[in-house]
Amino acid sequence: MEPVAGCARLEPPSLCVLASGSSGNCSVLRTPGSAILIDAGLSPRRTRLMLEELGLGLEALDGILLTHLDSDHFHSGWGRALPESVPVHLHHSHVRQARSRGVSRRSCVGFGEVAEIAGDYCVFASLNAHDELGTASFRFEFTTGASLGFATDIGSITDALIEHLGGVDVLAVESNYCPRMQIESDRPAFLKQRVMGGSGHLSNQECARLVAEVRPRGHVVLLHLSRQCNDPALAARAHARQPYRLTITSQFEPTPWIEIVGAGGASVAPAAPRAVVRGSLFDHMVGGPTEPPR
């Protein structure tokens, strides 16, 4: 992906969350010189169509970076549909599982603490407790001086995670459930325990506590809201009156492009439409700065 010829100003790195939730998680990270997917939990067909709407092609991607291999983060169809030219970057502890899911040996690129993907940024990885194999959270350091933290399916907050993400300009982090809604839901007890037991997901309140410890300088993007056990208004309420901008992602519509710039100047590209989250609990307009709930 080449920079536009004659462009007087290179566009800053930008993040677009195509979808986030239990039905599939997939984001696009774009820089002037590259484009990658972070997770690939949507079907290959839907992903390809959504990328085309953004003016991107699947074969032109520099790779797919996986947090882990749960089906909502790596769709089963990718084992057959993945172009050979697109490498899959994943933590060393996940490589064997990826091979069993149909990802070829040639496509798998394992990493430990550092993932080498593109020349205009470096990715630092940290493994978090989640189910058996854990999940990787990422800190992107761009040559522009800006930084992005990306963490989902975290399980619990640790000092190592706070240090790993500390002070990023943009923080994309899960805010999965409202504890009251989770407890009162008709979900089986084992599932509630899996979600809330320290190796599943973060609640709205835990997410807000992690954000307070990390102290992102410009923008917070809330990922992976449960449709059954959360509500965007409840998730937003935990961040009321904070200095950062807030975007709440959707399972159904992509976010605007979120620019990743240093010194707390992260912004949403003004021409992009805001995302509409649909559903009985999700009839809210989200994206860009979120007003404190009343």
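Here are the numbers:
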item	result
Dipole in debye (nearest 20) - the chain, about Cα centre, beta carbon charges: Lys, Arg +1; Asp, Glu -1	500 debye
Choice from S85, S175, S20 showing the highest fluctuation, given a GNM over the chain with Cα pairs closer than 10 Å	S85
Radius 12 Å from Cβ of G79, net charge of other residues (Lys, Arg +1; Asp, Glu -1)	+3
Length added when fully stretched, L191-R209, from 0.36 nm per residue minus Cα-Cα	4.1 nm
Among L165, L29, L222, residue whose mean-square fluctuation peaks in a GNM of the chain (springs only between Cα atoms under 10 Å)	L29
Rounded to 5, the percent of DSSP beta bridges in the chain classed as antiparallel	55 percent
Cα gyration tensor shape of the range 16-139, rounded if a/c is under 1.5, else prolate or oblate by comparing a/b with b/c	rounded
GNM flexibility winner over the chain from P254, P44, P216 (Cα, springs under 10 Å)	P44
D (Stokes-Einstein, µm²/s), Kirkwood Cα radius, the range 14-286, 1.002 mPa s at 20 °C	116 µm²/s
Positive-end residue, the chain charge dipole about Cα centroid, Cβ charges, pick of S203, H94, S107	S203
³J(HN,Hα), Karplus 6.51/-1.76/1.60, whole Hz, each residue of the range 41-54, x for Gly, Pro	x, 9, 5, x, 5, 5, 4, 4, 5, 5, 5, 4, 5, 8
Ranked packing of 114-125, 178-189, most packed first, by mean Cβ within 10 Å	114-125, 178-189
Summed residue charge, Cβ within 12 Å of L69's Cβ, Lys/Arg positive, Asp/Glu negative	-3
Net charge of neighbours whose Cβ lies under 15 Å from the Cβ of E116, counting Lys and Arg as +1 and Asp and Glu as -1	-3
Long-range HN-HN contacts of H91 with modeled amide H, under 5 Å	F111
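FYI, it's all coordinate maths here, none of it is from the lab. These numbers were taken from a predicted model, which means no experiment stands behind them. Positions of Cβ are generated from backbone atoms using ideal geometry, with glycine treated the same way; all protein chains shown enter the neighbour counts.
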